[in-house]
Every structure is written in structure tokens, then in C-alpha cells.
1. Within segment 38-58, can you find the residues that are crowded, with 16+ Cβ neighbours inside 10 Å and out of contact with any strand residue (DSSP E or B) (no Cβ under 6 Å at 6 or more places or on another chain)?
2. Going residue by residue through segment 104-111, is there one that turns out to be at pLDDT below 95, part of a helix (DSSP H, G or I) and charged (D, E, K, R)?
3. Please go through segment 30-59 and pick out each residue that is without any contact (Cβ under 8 Å) to a residue 40 or more places away in the chain and of a type in the set (A, V, I, L, M, F, W, C).
4. Looking only at segment 60-93, count every residue that is free of Cβ contacts under 8 Å to residues at least 60 places away in the same chain, part of a strand (DSSP E or B) and not hydroxyl-bearing (S, T, Y) and tell me the total.
5. Could you tell me whether M31 is surrounded by fewer than 16 Cβ atoms within 10 Å (Cβ to Cβ) and either under 17 Å from I114 (Cα atoms) or in contact with a Phe, Trp or Tyr (Cβ under 8 Å, 6 or more places away or on another chain) (or both)?
6. Scan segment 59-95 for residues that are loosely packed, with under 13 Cβ neighbours inside 10 Å and closer than 21 Å to I12 by Cα and report the count.
Amino acid sequence: MKLKVTESQIQIMIFDWASMMRNKYPGLEKMYHVPNGGHRHITTAMRLKAEGVKPGVPDIVLPVARGGFHGLYLELKADKGKLSKEQEKWLTDLKDEGYKAEVAYGFDEAIKTITNYLKLI
């Protein structure tokens, strides 16, 4: 039986990895998570919406220019998670604005996407 790993657990692993790899990959210290998802109490959800939280914004942002891109936006999915219509639109719109915007399924794919981006000249 394979244990199911949640997106939250994968994100924690990614940021643990980033903390260890900052010397090898300068710029990782700027990477951050956008806490848009998750289940919240209705009053908290309403307040966050009023503060500007928008559905579909990618989970991870790396605001470091590489390879002609302004930065990297990464939507993280566990296992065979599917993109919502809002997520698809955000990724498309971000690409149109000159960002590298990708979806990664799981820890390994996310790390590969991040390291490949940081290696761009």
C-alpha cells in the first residue's frame, strides 16, 4: 500500500530542500509560498478574499529572473491532481506576461523544475 503524500507535505519538503540548497542555488532564499488554498472558516475566507486572495494563483513563487523570464510560478499537485480552470488561466496569463509558469506533480518534479529554471542563463 502506497502512502498518500499531501500537497502541504510536499511543499514543506520543497522548502526544507531549498533551505539546504541556498548556497548551491542563489535565489532560493527569495522563494515563497502563496497560501491561497485550503479549507478555512467562512469568516476567514471572506476576510482573505477582501484582502485580495484570488483562486488559482500558483502555490510557489521564485521572483528571480532567469533565461529571459521575470520569475518562476509553480503550481504543485500531489499524485494525479488536476488543475482547476482558474489555475489553468493563471498559468497561461503568467506565461503571456513573461514568467515561467509550470505545474509539477510531486516533490521530484518540483525540484527538477526549480533547479532547471535556476540553471537558465
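1. Across segment 38-58, the qualifying residues are G56, V57.
2. No, segment 104-111 contains no residue that is at pLDDT below 95, part of a helix (DSSP H, G or I) and charged (D, E, K, R).
3. Residues satisfying the conditions are V34, I42, A45, M46, L48, A50, V53, V57.
4. 8
5. no
6. Looking only at that region, the number is 3.
The values are calculated or read from the model by the stated rules, or taken from the named source; none is laboratory data. This is a predicted model, so every value here is computed, not measured. Methodologically, a virtual Cβ is constructed for each residue, glycine included, from the backbone with ideal geometry; neighbour enumeration extends over all protein chains shown.
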